[in-house]
Each structure stands twice: as structure tokens, then as C-alpha cells.
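The values are calculated or read from the model by the stated rules, or taken from the named source; none is laboratory data. Every value quoted in this text rests on a predicted model; they were computed, and no experiment measured them. Positions of Cβ are generated from backbone atoms using ideal geometry, with glycine treated the same way; all protein chains shown enter the neighbour counts.
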Amino acid sequence: MVRTYHSGNYGCIVVGAGHAGCEAALASARMGVETLILSINLDSIAMMPCNPSIGGTGKGHLVKEIDALGGEMGLNIDKSFLQSKMLNQSKGPAVHSLRAQADKNKYHMEMKKVLENTDHLHIKQAEVVSLDIENDKIKGVLTATGAYYSAETVVLATGTYLGSKIYIGDAVLTSGPNGLAGSYALAENLKSQDFELRRFKTGTPARIDARTLDYDEMEVQWGDQDYELFSFMNDHVELDEMPCWLSYTNVGTHNIILNNMDKSSLFSGVIEGTGPRYCPSIETKIVRFKDKERHQLFIEPEGRDTNEMYVQGMSSSMSEDVQLAFMRSIPGLSRCEIMRPGYAIEYDCINPLHLKLSLEYQNIDGLFSAGQFNGSSGYEEAAAQGLIAGINAALKVQGKEPFILDRSEAYIGVLIDDLVTKGTDEPYRMMTSRAEYRLLLRQDNADLRLTQRGYEIGLVKENRITRFNTKIQMIEEEMKRIQALNLKESDLNPILTAMGIPTVTQSVRMGDLLKRPEIYYKDLETIDNTRPVHLTKDVIKQVEVTLKYEGYIKKQLQQVEKYKSLENKKLSADIDYYSIESLRLEARQKLDEIKPESIGQASRISGVSPADVSVLLVYLEQTRRRKSINE
Amino acid sequence: MYFDTIVAISTPIGEGAIGIIRMSGAEAFEIIESIFKPFGKDPNEDKKMVYGWIMDGEEILDEVLIVKMFGPRTYTKENVVEINCHGGLVPIRAILSLLLKKGARMAERGEFTKRAFLNGRIDLAQAESVMDLIGSKTKRGYDMAMNQLEGHLSKRVRTMRDAMMNLMAQVEVGIDYPEEDIEDITYSEILESLSTVQHQVATLLKSANNGKIIREGLKTVIIGKPNVGKSSLMNALLKDSRAIVTDVPGTTRDVIEEYMNIGGIPIRLVDTAGIRVTDDVVEKIGVERSKISFNEADLVIFVLNASEPLSDEDLDLMEHVKNKHAIVIINKTDLEIKIDENEINRHLNDKRIIKTSVEKEIGIDLVENAISTMLLDDDLEINPSEIVSNTRHINHLELAHKNITDAMNATSNHLPYDFIEVDVKEAILNLGHITGESVEEDLLNNIFGNFCLGK
């Protein structure tokens, strides 16, 4: 036993400095709470141990929302990206998703710099080995060197470090990600305090040497020329773009893998953890989709100052020699050298059903958790939860009500509600299809949805809210302008004719014209004489989307109204579900475990049927009536 | 949640040899044990018949067989007791009032089924079918309700819902994995899937009208001025038909409603007091009622007296009948004909005209035939499993149909996929409301609006 000593007292302690931990600590400190962030290694702050990119479908939405609320991820990737692409541009505005390739080291350094220069934020390298929980309340944490820090709130964001094991072929290493130390004592401590831990796994592909690739055998992939940025605070960032490369596996590749299946840790049965279906290893893809003749892969730079290249789509935990062999069967990679082998990593995480929507534990006052520890996967999902956990830890310290976003307000709300209400059997990934109201939850309007909310809780500062208010004003003024602006048919018709659209017989208001699906702002530039010079892309986009999709947006708003009516029927945490006999047994167990905060949340629990929901409605009604009789 | 104990007489009230009383709820066993004295030992076993007496204190009320059914493996998922006692009003009433005294409450109409739904025993469509079953007036209505109870409707709707879910999944793959090597679904493929389901929904909807007639009966109103033989005609029709159910006892002399059964279709036959102008206060009320009946009627039987010339009142009635589905009866043809048939033809040239003598029993079969051929679209085969009869189901099908149509329009206009999906999702939701797979508060409010929530 090491000697322990009291080493400080904080409002909030964040355990782990990955994407969840960084957002949690920054949010809490920026809200004025004395905050300590602890990491096993300060060189791994905001490390990206897997893909070198931020954003993507659904994930890009999360980053925009984090930014709109005053989080850091968007600003940080804008400082460190290598190329950027708006995905799904051929589809509607709701599913446009921004994704940027990141310079990993730069991303880490920039985030570390921000952390180091934030008031009220203290950074220490330390391994937390136990949580001090007394009478169902968090008191503090103890580190491996005996330092005890007391705290009013603790945010656990241990990522893939907790009880982690690395698998490469038949080699099993007791290690954290990327050769870093794992966290084992804490895992044991949590188990001894009756935390229900389970094993999840994920994997990453090999990194190969850029000098050993034949680029003319691959297809070059550039980002958008007219690239967008993640942060609503940035108008323009200069970029010296770096390309990615596209290649394909072939039958030869597949045969190498199939012939060496006995050397795969995934299929030999040593891994017990559950992996994500949407992010399968190459060996899984080949076994599961035997008919597919080729699988695509992207070669992506890991940074500007390194030769390491990430091989997206080729995640593998086969032995290193097999990895090298199948890589070399791919066009462009025939003489490649592996710098870091791919691996599978297995780690401990919790069952998120025991969390409240605020990400606080149902039965441990002041303890919050976020990120992969909660069963999610991905940097963006982690950051989003970290932000909310940090906000709510700070609010708790300040004695304020928790900050909860619902499914109709943000992807963040969908993410957390899914985790906390439905739980997850595999590492949870955000997808746009998980959001019921995605026409409203666009990435382009994340600030309109959330910045005011962020300001109200004290996370969004004056510079952002001022910029935001200016934008709102511009949108309103522009809307007014074009709804009053008459475009003369003599001016308009030549443009319509050129576009192959039927001409008009009288003047048309610009606002009405833009409702037509085929006509955009840029088409009217030459005849729109009063157009303000300072009009930004952002403003134009809001005006266009609002006008063009008015009918659909209205429909979705009606759906939200219905949703809210069930969401507003609150269920108190002290309901004894086991005494409600007309609930089916499974429903009683689930409701008791999850303790939903509303009828709406209850209805989304798997194992709670519509019949059970009607029982709950009747129960609420009965309770209400009984109350009103007693009063 | 706590549900009180409800009780109801399960067999029709009448002179049957036995009567069954059913009781369900938390105290069902306690109550029966307090009044039942078994001959020998009560085995207290699930679904076992036990012979004994129902006792009111020291007094023996009846000799009975009782069955205890242990929840949750019962219809309501609660503890249920069935008492088989002697038929006839007296013993049943006596036992019932004893049960009520011991703490049970009279069940409301359909309440056992509501509990079965509330307790998760049956889905919504099934619950509603049971209600329909209880209220079904004829064999066809019964078959239809039975079919829905067995889940035919749910199954069909589920198939449509699954097809839409499938479509969604195909669209979503392209959206959430834009860079994967997967071909996006095309607009024409989306259109094809949508139109298949649209057709299925439309077919179900087409059946809805006939479904309503089968379930609720065809409201047929007999009108004519006094003494043309309306009541006799009604009696003659009723005498001929089987399965007569009296729905509304003669609470008023003004409108008499009876059920008859022609070709498996329930006919709600209404005899009216007439709709002439009158100053008499009492008669006025009758006339008002008649007018309402007349306006609501699916079919009108207009009776004229062949032995009298057409009166102003007849001509006035003709004006009313003109715009309705109607059969014209010229009655009393056994007497000397004084009526001007050409005049009738001139006014009601598109109506079927039948000559009868109800007195001599001539032409009654012709009237029956005319009714049954007018009932349903001739080209429609009636297959109970294909019929939707519940108003709520129809509403949701109509909404789903509109959603699908909207989605098809969006597809034809090549709107982005995420917009098409707004309507597809809404359609899935509406179809789900029929099977009870989607919850909506309004729906529950509607269904449980009249449900007494207990103590």
C-alpha cells in the first residue's frame, strides 16, 4: 500500500483526457468551476488512436452542435485539418455531413494548448486507481501515487483504457491503446464497488509508410475546393490541402485472409468483447460477405509531419506477417512497409442504462460518465457526452438544474437518450437515421438551435453570442428583403429560359421564386441589385432551406409537438414499478432499472410495450386524480 | 397498478338452462371463497371445476360449478372466476348482487377486453375486434371480428409496415454510408415500393365501407304516410328473417328499431312516425326523430297505398326520397288500384318499384331481394379477412394512404431522399397505430376515454 495524502479539493474532477474528458473539463472550467483533469499520460491528450478524421454522417452534426454550445472540438479541427468534404451533397440538406481529415499530432497539441490556457482548469498526469464513494455520494479520487483529491463531482471518461487488452494474431498484450499504459487498478476498484462492467471491443488498421506506396496505382481523393469549416466562429481558414488515396482489395487479398483465419484473434475465440457491426474488421467483412469481389480502402495521411498513413477499411487483428501479406496484395501497396500493426482492443465499459439523461449515475450522487466508457464509439460521440457531463457536473456544483437536450433539439439528445434509455449491445455509433426529426436537426442550423441555450448556462461567451445575434439579425433582414423584392419578368425570363425553366408573365417576389426547388440564390445574382455585399454563405443557406422546405419543416414541427406531449408527462424517480401489477414483468424490471424521466422515454425502452405505456398513462391519471381528491 | 374486481353475466339473459357469471380482478378469489361452499375439499387448482353451493350467510342461493383461473394465464391476465349457476333471471341476479355486496363492481361493456389489452394480453386491433365481436349482429360480422381477433388485419398491416421499413433501410444505407461501395436506391425503385404498398392500403380501404355495413348494419328506414302498411311490412320482413335482435325496446312510439338479417347482412330496420308538418307538440317530437332517422338512413323504403290517389303528403315525401338510396313499395295492391303509377314513375324514375300486398303476403320476398341486391357493390366479393370495419383503423389507413401518396409525389419530383422519408416515416407510424406498435397519446385517450379508472 502506498501512503496516501490529501492533495487538493475541486468542484469537478475529470478522469481521462480523451475527446470526452477534454470537453468535460473545458465546459466545467469555462462555467467557472475549479476543475482538475487527470490523464495517465499528458502526451495523449485528445489523442486520435484510430482514424485521422473528425465528422462524417451524423458525427459531423455532433461536432457542429458541440461547437454551437461552446465546446472545443469544432474549433480544434478547424486548426488542424488537412482536407475537408461535405458528404451527401447529392442528398438533402438534412443529411449533409461535414468530415475533415485531421493532422493528429496537431490536433493533440492544439487541444493541449487550449486546456493549458483555460482558467480554472488544472491538468495533472496521474492514474486514478479508486473512487471514493460514501453513502451513495462521490467524495473524491485516489491516484496510483497516493494523492487523494476530493471533489463535489467526478466525470469518468476512461475511454478504451479501462482493463484494456490488445490482440494482434495470437499475441495478447496487457496494454492501453497505441502502446500506452492501460488502467487496471481502477477497473478492479469499480468492480469491487458493484459497478456492472462489460467488455466491448474495437479495432484499428495498420499504419503504413508513405514512402513505400505507388500512388499512380491508386485514385487520388481531394477534399472540397470550396470547403466548409466546423466552427460557427470561423469564416475562413487557409489550407494547404493533403490528398487521400483510394484502392481496392481483390480475390488474392481475400484468399490470404481466408487461408490464415486460424491466425485471427477475432475468429479463434480469444476475444470475448462485443465489437461494432458498422465498423467490421477486414476479416469479418470477407467472412460475412463472401460474394463481394472487392472492398474499397482509403489511404489517409496521419499528419503533415509524418510518413504514417492510415488504411481506412482494413482494420484487422490478424498476426503482423499476415497483415503485411494481404496489404501487399493491394494495388499501390505492393511494397508497403507497416509502421504500426493493426490491432483489436478490448476494454471495460458500463451499462449506460444506469445513467440519468444528465449522464449522472442514478444512484451515485455527483458521479458522471461519458464516452466509450458509456458504451459508445467514436471521437465525436465521446466529445458530445463529455460536453454534457461536464456541463451538468458544473451545474450541479452551482446548485442548478441539469441541462438536457431532447431528441427534437439535437443529435446530442438523440445520442444520450438512446444510450440511457435503450442501452446498446455494441459500441454505439451516431447515424442520421437515428434522429427522428433530422430535417430540423441540420448541421447548418446547429447554432440556431443551441447557441442561445449554451449562453444561458454560461458556456457560450460574449464573443460567440454577439456573432450569433448578428447572424440572426442578418437572416431576418434578408428574409424581409427578398419577401418584398419584386423581380421584373423582363429581367427574370432570360435567366429562366437559360435554365430551361418555364418563363413568368408578371413580376415575382424573390422569396416566392426561391421556394421553387430548382432556383437558388446564385442563379439570381445578376438581377438581384439590392443584395447586401456582406451576405454570408451561412445566411443564404438558412434563407434557402427555410423557404424551399417550408412544408416539410412544418410537418416535422407537428411531429415534434406530438412527441413533446408524451415527453412532458413526467415520471418521478420514486415510482415503485414492481407494485404496478398490470405491467408485464419484463416491463417492470426494465422500468425499475432505467427509471425513465417521462412517459415518452419509457415508450422507447425495449421491453416496454405500447400496452405497458398505456398502463403507465392510466397509472399517472389515477395518481393525479387521487392527488386532486386529497387536495 | 391496482385494478378493482369486476363482474358480469356472460350468458344472454333469458331462460337458458345454465347461466355463467364471470369475475376478474385482484379480489376475485377472495370474494368467491367468502361465499362458496364446496362439496368436499376445494382443490384450489387452476382451471378445475368445483361443485358446491353459493351461500348468502346461512342461506343456500344456488347449486353451482365454479372454475378458478389463475392469472396471468387468463383472458385478462388477472385472477378470474367463472360461476356456472342455474339459468333464469332469479338465481343469476341473486348471485350477482351477492358478489357486488362482497366488493365486486359491475363490469362496463367490454371492460374484460380492456383489461386484457391493458395487461398486455392482446394487441389493440385484437382488443377492438373483441368489442366488435360482442356487438356483432350477424354471422358475417362475427366472422369478421373473429378474423381480426386472430390477427389477420394486424398481420396484413404489419406486412405493409415491414415493406415500408425495408424501403427506409435501403434509403438509409445510402445516406449513412455515402462512401461505401453501395449503389444508392433509385427514385424509380422507391416509387415502385411505395406504389405496391399504396395499392395494398387502398384495397383495405375499399373494403372499409362494406365492413362498416357488416358490423353496424345497414340502416333502413321505412317511411310513408299513416296507414299505408309500414308496420305490417316491417313485421312481415321481420317474421321472414332469422336472428332477430331487439336493440332498442319501445321506449318511444315514434321510432321503432329492429334488426333483421338478409343474406348475412344485418339490417337495422326503422319504422318512423312520418315526417309531415304538424302543430301537435307531441307529434312534433316524433317528426323530428323521424327526420333524423331519415337523414342518417343508408336505405329508404318508401311505402305508398295503391288504393288511394297520390296525396300532397305523398308528393312531399317523394321529394325527400328522390336523393336517397330508395325502394318504392306500392302496397295494398289487392284492393282497387286508384294510385297513378305514371305519376310515381315520373318523380322516381330511377328507383326500383315493387308492388306488394302485405295483407295477402304477396311480394315480401321481392322486397327482401331488392334490399340485399342494393346492399353492396355487386362486384365486391365479401371475404371477412379482407374487411376493415373499425373507424379508428379506417382513419389511420386513410392517413397512411395520404402519407404514401405524398411520398410518391416527392419521389416523382426527385426531392432529396431525406424529404421523401418524412412521409414514409409518418406512414409507418400510422400503420403502427393500427397494430398498436406505435404509441400515441391521442390514440390512448380515444380508446380509454370512457374507461373508468377505478377508485
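Might you let me know whether the range A:596-609 holds any residue that is over 30 Å from B:Ile420 (Cα atoms), of a type outside the set (Gly, Ala, Ser) and within 11 Å of chain B (Cβ to nearest Cβ)? The answer is no, given that none of the residues of the range A:596-609 is over 30 Å from B:Ile420 (Cα atoms), of a type outside the set (Gly, Ala, Ser) and within 11 Å of chain B (Cβ to nearest Cβ). Within the option set A:Ile412, A:Ile416, A:Ile404, being buried (at least 24 other Cβ atoms within 10 Å of the Cβ) and farther than 14 Å from A:Leu353 by Cα holds for one residue only, A:Ile412. When the residues of the range B:51-75 are filtered to those that are part of a strand (DSSP E or B) and among the charged types (D, E, K, R), which remaining residue is nearest to B:Ile92 (Cα to Cα)? Filtering the range B:51-75 for residues that are part of a strand (DSSP E or B) and among the charged types (D, E, K, R), the one nearest to B:Ile92 (Cα to Cα) comes out as B:Asp62. Pairing residues of the range A:549-566 that are more than 9 Å from every other protein chain (Cβ to nearest Cβ) with residues that are of a type in the set (Ser, Thr, Tyr) and part of a helix (DSSP H, G or I), at Cβ distances under 9 Å and at least 6 apart in sequence or on separate chains, gives A:Ile553/A:Thr546. In the condition set (1) over 29 Å from A:Arg467 (Cα atoms); (2) buried (at least 18 other Cβ atoms within 10 Å of the Cβ); (3) more than 27 Å from the chain's Cα centre (by Cα), A:Pro517 is compliant with all but (2). What are the residues in the range A:276-300 that are in contact with a strand residue (DSSP E or B) (Cβ under 6 Å, 6 or more places away or on another chain) and buried (at least 18 other Cβ atoms within 10 Å of the Cβ), if any? Listed by number, the residues that qualify are A:Ser281, A:Glu283, A:Leu297, A:Phe298, A:Ile299, A:Glu300.
Filtered by the rule that a residue be in contact with a strand residue (DSSP E or B) (Cβ under 7 Å, 6 or more places away or on another chain) and among the charged types (D, E, K, R), the range A:30-58 gives a lone residue, A:Glu34. Residue count for the range A:489-510 under the criterion of being touching a residue at least 12 places away in the same chain (Cβ under 8 Å) and surrounded by fewer than 17 Cβ atoms within 10 Å (Cβ to Cβ): the result is 10.
Residues that are assigned to a loop (DSSP other than H, G, I, E, B) and among the hydroxyl-bearing types (Ser, Thr, Tyr) within the range A:487-528 comprise A:Thr503, A:Thr505, A:Ser507, A:Tyr520, A:Thr526, listed in sequence order. Suppose we filter the range A:169-180 for residues that are surrounded by fewer than 21 Cβ atoms within 10 Å (Cβ to Cβ) and on the phi < 0 side of the Ramachandran plot; how many remain? Matching residues across the range A:169-180 total 7.
When the range A:166-198 is filtered for residues that are among the charged types (D, E, K, R) and modelled with pLDDT of 95 or more, the ones remaining, listed by number, are A:Glu188, A:Lys191. The requirement of being under 20 Å from A:Lys548 (Cα atoms), surrounded by 14 or more Cβ atoms within 10 Å (Cβ to Cβ) and touching a residue at least 40 places away in the same chain (Cβ under 8 Å) is satisfied by A:Leu485. Only one entry of B:Ile420, B:Ile344, B:Ile353, B:Ile362 meets the criterion of being modelled with pLDDT of 80 or more, in contact with a helix residue (DSSP H, G or I) (Cβ under 7 Å, 6 or more places away or on another chain) and more than 12 Å from chain A (Cβ to nearest Cβ), and that entry is B:Ile353.
Counting only residues that are farther than 22 Å from A:Asp592 by Cα and part of a helix (DSSP H, G or I), the range A:371-383 holds 8 of them. Per the conditions (1) buried (at least 20 other Cβ atoms within 10 Å of the Cβ); (2) within 10 Å of chain B (Cβ to nearest Cβ); (3) part of a helix (DSSP H, G or I); (4) under 35 Å from the mean Cα position of the chain (by Cα), the sole criterion not satisfied by A:Lys590 is (2). Has the range B:162-180 got any residue that is within 13 Å of chain A (Cβ to nearest Cβ) and within 25 Å of the chain's Cα centre (by Cα)? The answer is no, given that none of the residues of the range B:162-180 is within 13 Å of chain A (Cβ to nearest Cβ) and within 25 Å of the chain's Cα centre (by Cα).
What about B:Gln170, is it in contact (Cβ under 8 Å) with a residue 12 or more places away in the chain, in the same structural domain as B:Asn430 (by TED's automatic domain parsing) and under 25 Å from A:Gly60 (Cβ atoms)?
yes
Do we have A:Tyr167 as closer than 17 Å to A:Ser315 by Cα and either touching a strand residue (DSSP E or B) at 6+ places or on another chain (Cβ under 6 Å) or in the same structural domain as A:Gln385 (by TED's automatic domain parsing) (or both) here? So A:Tyr167 fits the description; yes. Total residues in the range A:284-313 satisfying the condition of being within 14 Å of chain B (Cβ to nearest Cβ) and touching a residue at least 60 places away in the same chain (Cβ under 8 Å): the figure is 5. Could you please tell me which pairs satisfy a Cβ distance under 7 Å, a separation of 6+ or placement on different chains, a first residue in the range A:31-53 that is closer than 23 Å to A:Ile299 by Cα, and a second residue that is among the polar types (S, T, N, Q)? Correct list of pairs: A:Met47/A:Asn178; A:Pro49/A:Asn178; A:Pro49/A:Thr204; A:Cys50/A:Thr204; A:Asn51/A:Gln312; A:Pro52/A:Gln101; A:Ser53/A:Gln101. Among the conditions (1) within 11 Å of chain B (Cβ to nearest Cβ); (2) part of a helix (DSSP H, G or I); (3) within 30 Å of A:Ala94 (Cβ to Cβ); (4) among the hydrophobic types (A, V, I, L, M, F, W, C), the only one that A:Val615 does not satisfy is (3). Taken as a whole, the range A:334-343 holds no residue that is at negative phi, among the aliphatic types (A, V, I, L, M) and buried (at least 22 other Cβ atoms within 10 Å of the Cβ).
Taking the criterion of being surrounded by 20 or more Cβ atoms within 10 Å (Cβ to Cβ), at pLDDT 65 or above and either among the small types (Gly, Ala, Ser) or under 20 Å from B:Met260 (Cα atoms) (or both), the only residue of the range B:371-394 that qualifies is B:Ile371. Quick one: would you say B:Asp46 is modelled with pLDDT of 85 or more and surrounded by 17 or more Cβ atoms within 10 Å (Cβ to Cβ)? Considered against the rule, which asks whether it is modelled with pLDDT of 85 or more and surrounded by 17 or more Cβ atoms within 10 Å (Cβ to Cβ), B:Asp46 comes out as no.
The residues in the range A:53-92 that are away from chain B (no Cβ under 14 Å), surrounded by 24 or more Cβ atoms within 10 Å (Cβ to Cβ) and not polar (S, T, N, Q) can be counted, and the count is 16.
Screening the candidates A:Ile472, A:Ile465, A:Ile416, A:Ile391 for the property of being without any contact (Cβ under 8 Å) to a residue 24 or more places away in the chain and either part of a helix (DSSP H, G or I) or not assigned by TED's automatic domain parsing to the domain that holds A:Gly18 (or both) yields one hit, A:Ile465.
Filtering the range A:114-146 to residues that are assigned to a strand (DSSP E or B) and either exposed (fewer than 14 other Cβ atoms within 10 Å of the Cβ) or among the basic types (Lys, Arg) (or both) leaves A:Lys124, A:Glu134, A:Lys137, A:Lys139. B:Gln170 falls short on exactly one of the conditions (1) modelled with pLDDT of 80 or more; (2) crowded, with 19+ Cβ neighbours inside 10 Å, and that condition is (2). Residues considered: A:Lys91, A:Lys64, A:Lys59. Of these, the only one that is more than 24 Å from A:Ile404 (Cα to Cα) and of a type in the set (D, E, K, R) is A:Lys91.
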